[in-house]
Amino acid sequence: MSCHRPFCRMATLTLPAAAALMLLTPSLVTPARAQGAQAILSDSARSEAAKPPAPPATGGAVAAVEPANPQQKGLAAKAIDRVKEVAKSAGDIFSRVPCMPPKGAAKKMGSLPRVASKLATGQPVVIVAFGSSSTQGHGSTSPEFTYPNRLAAQLRRQYPTADITVVNRGKGGEDAPEMMNRLQTEVLDLQPDLVIWQVGTNAVLRNLDPAETVRLVEQGVARIQAVGADLVLVDPQYSPAVNARAESAGKMVNLLGKVAELRHVGIFPRFEVMRDWHQKQAIPMENFVIADGLHMSDWGYACFAQLLGDDIIRSVGQIKLGVSVPSDVRAYRPM
């Protein structure tokens, strides 16, 4: 994951320029703190390292100083322009096709008690996005458009002073067996408050036994619950490549749903949500799936993240209103 931190003082850099450079400079996985704003990005943002470098982070507030020479001023201006371009592209993504929740579905408020309580009380929050290529962001045109980064940006806008870290632990080509091998070091060791676990798609594509995949997922769910983290499972995507193995995909979706129900954890029914986009909302498949027939597009990732973020925000609102949410029930449905 990469997140943005306040940077040490440069010789007289303007506040907007400092803020722009802060957004464009990757840092360590540790949570970032800033006065008035919190920048949150996932590991995929490391590709941004090719952009103009900034001084190393030392903590503390962003200094408002001027560039020492014209070359630095030009660098700062370019950084500001880049930030404006990213903000515009992020804002434009829903301009033609809005992101709507599934039609005709019961609107059930999910609960994510640990992350909601921490956000409501101003405590640091660590969210780990765990999965394969659609978590890593394959198919997106820029690191800003991976779903962990879109989710991070949404939460940053909603809670601008919050201390939130979003860690991207997606690795293309993997499924439950490979993910279980790195669950401890890449997820549990980060002491997460929320784990969003996307799993099952590659098992379907490889014709692996859905029951064996789900057996491993159950083991992983138990280990995540043991550390007290909230958990949302994400089932396979609705796409031509997955639909070509409809029987296996159907079994995987049903079994993951049963695990979520039996273990009292959240489920993001991605397959049903994406099918709703196509069949009920009449959104062309190419609007949310790229040409390979498998991976999601910028719009698909953005709407997926939006629905996740909306439910986290609603859950925080419940906590703030004093609604009692049982700590062992995380019935998550973004509908």
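Considering (1) within 21 Å of ASN254 (Cα to Cα); (2) touching a residue at least 40 places away in the same chain (Cβ under 8 Å); (3) part of a loop (DSSP other than H, G, I, E, B), the lone condition that PRO236 does not fulfil carries the number (2).
Within region 229-288, being among the basic types (Lys, Arg) and surrounded by 24 or more Cβ atoms within 10 Å (Cβ to Cβ) holds for one residue alone: ARG270.
Within region 158-179, being among the hydrophobic types (A, V, I, L, M, F, W, C), farther than 11 Å from VAL199 by Cα and in contact with a Ser or Thr (Cβ under 7 Å, 6 or more places away or on another chain) holds for VAL166, VAL167. Residue under question is ALA249, and the condition is that it be of a type in the set (A, V, I, L, M), touching a residue at least 24 places away in the same chain (Cβ under 8 Å) and assigned to a helix (DSSP H, G or I); does it hold? So ALA249 fits the description; yes. Has region 316-330 got at least one residue that is part of a loop (DSSP other than H, G, I, E, B), outside the structural domain of LEU151 (by TED's automatic domain parsing), in contact with a strand residue (DSSP E or B) (Cβ under 7 Å, 6 or more places away or on another chain) and modelled with pLDDT under 80? Within region 316-330, one or more residues are part of a loop (DSSP other than H, G, I, E, B), outside the structural domain of LEU151 (by TED's automatic domain parsing), in contact with a strand residue (DSSP E or B) (Cβ under 7 Å, 6 or more places away or on another chain) and modelled with pLDDT under 80.
If the condition is being among the basic types (Lys, Arg) and either surrounded by 23 or more Cβ atoms within 10 Å (Cβ to Cβ) or within 12 Å of the chain's Cα centre (by Cα) (or both), then region 157-179 contributes only ARG169.
Candidates in region 282-302 are the residues that are touching a Pro at 6+ places or on another chain (Cβ under 8 Å) and not in a helix (DSSP H, G or I); of these, the one that is farthest from GLY173 (Cα to Cα) is VAL289.
For region 106-220, the strands (runs of 3 or more DSSP E) that sit wholly inside it and include 3 or more residues that are closer than 25 Å to LEU262 by Cα, in contact with a helix residue (DSSP H, G or I) (Cβ under 8 Å, 6 or more places away or on another chain) and at pLDDT 95 or above are 125-131, 194-198.
The values are calculated or read from the model by the stated rules, or taken from the named source; none is laboratory data. Source: prediction; values computed, not measured. In this analysis, Cβ positions are derived from the backbone assuming ideal geometry, glycine residues included, and neighbour counts consider all displayed protein chains.
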